[in-house]
Amino acid sequence: MLQLRCLLPLLLLLLLPIPSRPQKLPTRDEELFQMQIRDKAFFHDSSVIPDGAEISSYLFRDTPKRYFFVVEEDNTPLAVTVTPCDAPLEWKLSVQELPEEASGEGSGDPEPLEQQKQQITNEEGTELFSYKGNDVEYFVSSSSPSGLYQLDLLSTEKDTHFKVYATTTPESDQPYPELPYDPRIDVTSLGRTTVTLAWKPSPTASLLRQPIQYCIVINKEHNFKSLCAVEAKLSSDDAFMMAPKPGLDFSPFDFAHFGFPADNNSGKERGFLKSSKFGRQTPPKPRVDLHRVCIGNKNIFTVSDLKPDTQYYFDMFAVNTNTNMSTAYVGTFARTKEEAKQKTVELKDGKVADVFIKRKGTKFLRFAPVSSHQKVTFSVHSCLDAVQIQVRRDGKLLLSQSVEGVRQFQLRGKAKAKYLIRLKGSKKGASMLKILATTRPNKQLFPSLPEDTRIKAFDKLRTCSSVTVAWLGTQERNKFCIYKREVDESYNEEQKKREQNQCLGPDTRKKSEKVLCKYFHSQNIQKAVTTETIRGLQPGKSYLLDVYVIGHGGHSVKYQSKLVKTRKFC
């Protein structure tokens, strides 16, 4: 049987003065063992491995650590599991015979304790198993000899933590969930932002009826071999204390969590960090791009909100919720599908193209003039919210602007040049626009607009049947048409905003809504203002007024709508 050695008996064995009576290693007190096994803090800095309980501990880089346990009877089953967390480990398991006087009632002269200690601690013993790496590795024997077993561990890469589990009753304990005969994770469906995973259930759940839940881990770096490694990675984003230097007394509180960063100066003194509450300082928090989600006992799951054309690594862990111990399935990886390649729209010289862009969407246009040219003009009319426009000539960025309303850009041309136009929609909603590309500098399809396209209403000139409004013009002679529409009392600015499609022309309006059309311009831009009185309105009614300016090519642009109300009593 694997013999519990608590910290106190071991220290007594190694440190007490030599007594006058023969010595032997104490046997396991089952009642005491059960009490201590419930108190996990009891084994925190003990060099003893308890029977049937997983312990968590730490290693300083290049500082070996040794654990002990005793098997009193020959032909005892034995299983030892070592789980590296965030660094590869070197470990070996060896056994040496117990001193005769330590294994039973001796006869003859008593053997000094110092001699027993030398026999126990200085003899190398017989090596049973060794391993180097970061896999969860096992030593299993159905018939182990009695003796003092030593587990030696070393981390040469960095300070790290790990877990150890040992038992003399491996058949009945089974704290780790069992893997199915095919422990792989299958990718059953792959999309641009989703990946569907499926796996076979653990026999621990399906046959033994033990409570098992599955936890999925998603990241972009690599697969993980244990949940302990995942927790170590996640802990780097938490406020964990650094490891104290060897030789200090450790309290259970100090090692409630482990999160030791790599220390390239292992010879330097390690000290406690200070924080405002417990006298420890929190190290900076690097961002950990890793996600863990536990999904109960389902064996199919769709991971969503992924990025297109990105490789992800997926790991699955079966967790026994009674013991909180886990087993890793064979991880997998998959690359999400690319975004659907958008068709590039060809622009023809001097022809208007209507473009619709989804919310936050992108559209690409291409303009390849047939003849050589000195200049190229891009006219853009954004119908709704502002859009972003980028223009590249043969890969070189020439223009990057936000466009609202009507804008015109004139760029230097180049023989046989090709232009790529990238349009990015608004975050608020879908975008609509008209765009014209031309190498003819006099070809201006959209009418010019003043900087301010608001309509002003004069409150003092308001009557029960009329309202007077004004708007700005330009130096270019254009045709202006004004329309009115009666609206309900509940009509508000939010509804007006939703109807602000500047690309909808007068041809979409009812004839009865038309007030008048007139031509207007002024060489003096300061005096380019026109007024108009709209008559024949009903008392106490609300009206929505629209002004359209129509260019020489017949394309129109709508000013900002104006909500007005006639007086109720005159």
Cross-chain or 6+ apart pairs with Cβ under 8 Å, region 281-305 first and over 24 Å from residue 192 (Cβ atoms) and open to solvent by 60 Å² or more (accessible area, probe 1.4 Å), then modelled with pLDDT of 90 or more and in a loop (DSSP other than H, G, I, E, B): 297/201; 299/199; 299/200; 299/201
Residue check for residue 313: touching a His at 6+ places or on another chain (Cβ under 9 Å), assigned by the TED database to the domain that holds residue 206 and open to solvent by less than 50 Å² (accessible area, probe 1.4 Å): yes
Qualifying residue in region 259-269 (condition: of a type in the set (A, V, I, L, M, F, W, C), modelled with pLDDT under 85 and out of contact with any strand residue (DSSP E or B) (no Cβ under 6 Å at 6 or more places or on another chain)): yes
Answer residue from region 386-426, given it is open to solvent by less than 30 Å² (accessible area, probe 1.4 Å), assigned to a loop (DSSP other than H, G, I, E, B) and farther than 12 Å from residue 376 by Cα and is modelled with the highest pLDDT among those: 425
Failed criterion for residue 450 (all others in (1) touching a Leu at 6+ places or on another chain (Cβ under 7 Å); (2) without any contact (Cβ under 8 Å) to a residue 60 or more places away in the chain; (3) surrounded by 12 or more Cβ atoms within 10 Å (Cβ to Cβ); (4) not β-branched (Val, Ile, Thr) hold): (2)
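Any idea which of 560, 500, 526, 475 is open to solvent by 80 Å² or more (accessible area, probe 1.4 Å), among the polar types (S, T, N, Q) and assigned to a loop (DSSP other than H, G, I, E, B)?
Details: 560 fails: open to solvent by 80 Å² or more (accessible area, probe 1.4 Å); 500 fails: open to solvent by 80 Å² or more (accessible area, probe 1.4 Å); 526 fails: assigned to a loop (DSSP other than H, G, I, E, B).
Step by step, each of 560, 500, 526, 475 is checked, and only 475 is open to solvent by 80 Å² or more (accessible area, probe 1.4 Å), among the polar types (S, T, N, Q) and assigned to a loop (DSSP other than H, G, I, E, B).
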Residue satisfying condition, being surrounded by 20 or more Cβ atoms within 10 Å (Cβ to Cβ), at pLDDT below 85 and within 26 Å of residue 170 (Cα to Cα), within set 93, 89, 98, 78: 98
Some residue of region 387-394 being touching a residue at least 60 places away in the same chain (Cβ under 8 Å) and closer than 25 Å to residue 430 by Cβ: no
Selection from region 153-175 of residues that are touching a residue at least 60 places away in the same chain (Cβ under 8 Å) and open to solvent by 50 Å² or more (accessible area, probe 1.4 Å): 156, 157, 169, 171, 173
Residue check, residue 202 over 23 Å from residue 234 (Cα atoms), outside the structural domain of residue 47 (by the TED database) and surrounded by 15 or more Cβ atoms within 10 Å (Cβ to Cβ): yes
Count - residues of region 367-376 that are surrounded by fewer than 20 Cβ atoms within 10 Å (Cβ to Cβ) and among the β-branched types (Val, Ile, Thr): 1
Conditions (1) in contact (Cβ under 8 Å) with a residue 24 or more places away in the chain; (2) open to solvent by 50 Å² or more (accessible area, probe 1.4 Å); (3) more than 24 Å from residue 461 (Cα to Cα); number of the one not met by residue 550: (2)
Unmet criterion (only one of (1) surrounded by 16 or more Cβ atoms within 10 Å (Cβ to Cβ); (2) of a type in the set (Asp, Glu); (3) within 23 Å of the chain's Cα centre (by Cα)) for residue 349: (3)
Failed condition for residue 436, given (1) assigned to a loop (DSSP other than H, G, I, E, B); (2) within 30 Å of residue 420 (Cα to Cα): (1)
Subset of region 300-328 [part of a strand (DSSP E or B), among the hydroxyl-bearing types (Ser, Thr, Tyr) and either in contact with a Gly (Cβ under 7 Å, 6 or more places away or on another chain) or over 20 Å from residue 226 (Cα atoms) (or both)]: 302, 313
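The values are calculated or read from the model by the stated rules, or taken from the named source; none is laboratory data. Just so you know, these numbers come straight off a predicted model, no measurement behind them. Cβ coordinates were reconstructed from backbone atoms using ideal geometry, including for glycine residues, and neighbour counts include every protein chain displayed. Note: accessible area is taken over every heavy atom of the protein model, side chains too, but ligands, DNA and RNA are not part of it. Shrake-Rupley method; radii C 1.70, N 1.55, O 1.52, S 1.80 Å.
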